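Notes for the one structure printed next.
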């Protein structure tokens, strides 16, 4: 706080964190640390369920980074989910240790995303959406034609069965939690630093942001590569959690449907929204997944309703009333 | 000779893709949105014609007569209930709502009709199987000629409507500037609703020809949306005859891919699309420099 000769200005103060955000970040940090202890206290089934929850969380956060901040609605993130999973298979077939292979496969997905960004980021709006979808379909076809990767019938991840089941699920869980924390932290850094103002500006109006000097292309590129990395990790982790994959399911467009649902319900373009969305989606899936197509009809209708009537999701209901941010990514103006 | 035959078959297949692409292109041209449920709306049309044709023992072409007005109405209501509202809330919302709609339609069809694969080919008799045999290896299928002719007629009708009728003028005005068009008495929502109605009806027409030409099932929609989109982009967004050209390029790519290996058919189409997107022409299309 500096004293300004003009009293009208000196009576205001810019503040980054508030009591709520301090409590929120501490709570998030401690619950993150506490979650690492889960395998010590709970059985294999709970650990596996929580692993799939954190995979959903990871994917929701990545899809939100694209759509919520860069204005890129992707219907083809399953391309990277599949690449992460099949990359892991490819590397383990060549003798790489499975957990190392998963990390390398996520990095490889990011590399593919870097190349594809040159092609796809020139597209706008709906063209980008369908363009990513075509890429996902192309990669799925290429994979299903490769007999060494199991063709269309699917393939199992070998090399993890040497570990006892408890150890294996715990390792996969820790790796999932590690990836989720890492990506949340990276996104937080992006949003809190100078890039954050740019991203928020692009979110609100891309053309206006560009005209004010925000460099739109590099920011979009960073988020697309980050999302490629995150979705690749999500795919590799899904493989480690289920040990078997088929091209039509790992490259299925239902992943995009899930991601869109989680982000729309939680809150598009907010840091907290996808976290809420993922938890809700996990509970809904746990309860209703047996209903088959009725369940998916319900998901679609709820997503449409949120897009039309509550576009900033459930988090906006909380945020509008209480003006809380769990993490200090923005600025507040306070009267002294 | 094999190659020439593949190219000829590809041209006819392209007619079908152009038919699918018409409605997608119309909605993009007028409203600047890509309807992600386009393929699924077409499959609703396939199922509707299949129901009428099998229940009333009619030819699919006669069954189309009641289905087309119903699809017009469906498109009109779709705009009035969902799209109009989503257009008001920014450029991303129509994508999200039409994607949600696609999921709902696919699963509703799955629930009602089961995942069985159907075809209308058996109901049209020699039309769907017969062909003019020019040489030993070159033949011209009746159905292919019919589909291509319908596609050309439909695109010609679009062109005529756009350039020579009051409704076409309203669509062009609204596409250029909805606010100014509204100021001179052309309400955008009414133009949009009519354009959506026409787009959905042409989708149903395309769905019917798909059902006669090959097979359909509740999950056929996304593939047809992707083919239609590829045809539109290859031909240049917003260009009416470009759509036909794009469909034919895509069709030829697929039939030539299928000669090499039947499994490569769809892959070849995707690859041609991606190569065109990566080429300088693709960059022009993406930045919107290519137009009518």
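Worth a mention:
- Average silhouette area of segment B:207-252, convex hull of alpha-carbon atoms, in square nanometres: 3.4
- Tail weight of P(r) past 33 Å, computed on alpha-carbon pairs of the protein assembly as shown, percent: 48
- Computed over segment B:89-205, Kirkwood Rh from alpha-carbon pairs, angstrom: 18.4
- Average partner coverage of A:118-128, which counts Cβ from other chains inside 10 Å: 6
- Cβ crowding within 10 Å averaged over residues, with A:289-298, A:256-265, B:78-87 ranked highest first: A:256-265, B:78-87, A:289-298
- At 0.890 mPa s and 25 °C, Stokes D of segment A:53-94 from Kirkwood alpha-carbon radius, µm² per second: 214
- Shielding by partners, peptide A:130-136 (average Cβ within 10 angstrom, other chains): 6
- Separation of alpha-carbon centers, segment B:204-225 and segment B:159-191, rounded to whole Å: 31
- The angle between the Cα long axis of helix B:93-113 and the main principal axis of chain B comes to about 40°, on a 0 to 90 degree scale.
- Isotropic mean projected area of the C-alpha convex hull, segment A:154-213 (nm²): 7.1
- Separation of the residue B:139 and residue A:118 label points, Cα + 7 Å toward Cβ, nm: 4.6
- By the helix-only formula, in which each DSSP H run with n ≥ 4 contributes -39500 (n - 2.57) and the sum is divided by residues, chain A has a 222 nm mean residue ellipticity of -23000 deg cm²/dmol.
- Residue A:46 paired with residue A:189, simple spin-label distance in nm, labels 7 Å along Cα-to-beta-carbon: 3.3
- For chain B, the longest principal axis of the Cα atoms and the long axis of helix B:142-164 meet at an angle of about 20 degrees.
- Among B:3, A:63, A:133, a tally of other beta-carbon atoms within 10 Å of each Cβ gives an order, fewest to most, of B:3, A:133, A:63.
- Two-decimal Rg/Rh across chain B, once Rg and the Kirkwood Rh are taken from alpha-carbon atoms: 0.97
- Normalised by 2.2 N^0.38 Å, with N the number of residues, the alpha-carbon radius of gyration of segment B:227-280 equals 1.08.
- For peptide B:104-114, the mean count of partner chain Cβ atoms within 10 Å of a residue's Cβ comes to 4.
- Cβ-Cβ FRET estimate between residue B:89 and residue A:215, R0 fixed at 22 Å, reported to 0.05: 0.20
- Converting the Cα gyration tensor eigenvalues of segment A:8-115 into ellipsoid dimensions via √(5λ) gives semi-axes, longest first, of 35, 24, 13 Å.
- Sequence ranges A:301-309, A:82-90, ranked by mean other-Cβ count within 10 angstrom, highest first: A:82-90, A:301-309
- Inter-part distance, segment A:240-303 to segment A:220-234, computed on C-alpha centroids, equals 19 Å.
- Structural descriptor for chain B: relative contact order 37 percent, calculated from alpha carbon pairs under 8 angstrom and at least 6 residues apart.
- Gain upon complete extension [residue A:290, residue A:35; 0.36 nm per residue less C-alpha separation]: 89.0 nm
- Computed from the Cβ-Cβ distance with R0 of 30 Å, the FRET efficiency linking residue A:205 to residue A:301 stands at 0.50.
- Taking a ≥ b ≥ c as the square roots of the eigenvalues of the Cα gyration tensor, an a/c ratio of 1.5 or more together with a/b no larger than b/c marks segment A:114-177 as oblate.
- Most mobile listed residue (A:115, A:279, A:155) in chain A, GNM with C-alpha springs under 10 Å: A:115
- Unit Cα scatterers, Debye sum, segment A:52-175: log10 I(q)/I(0) for q = 0.19 Å⁻¹: -1.15
- Ordering of A:188-199, B:55-66 by packing [mean C-beta count within 10 Å, highest first]: A:188-199, B:55-66
- With contacts taken as Cα pairs under 8 Å and at least 6 residues apart, segment A:1-139 reaches a relative contact order of 24 percent.
- Across segment B:1-92, Cα-Cα distances exceeding 15 Å account for 70% of all pairs.
- Summarising the label geometry, the points placed 7 Å from Cα in the beta-carbon direction at residue B:117 and residue B:131 lie 1.9 nm from one another.
- Centroid-to-centroid, using Cα positions, segment A:66-135 and segment B:226-246 are 26 Å apart.
- C-alpha long axis of helix A:98-120 to longest principal axis of chain A, angle in °: 60
No value in this document is a laboratory result; all are computed from the given coordinates. Quick caveat: nothing in here was measured; it's all calculated off a predicted structure. All Cβ positions, even for glycine, are placed from backbone atoms using ideal geometry, and neighbour counts span all protein chains on display.
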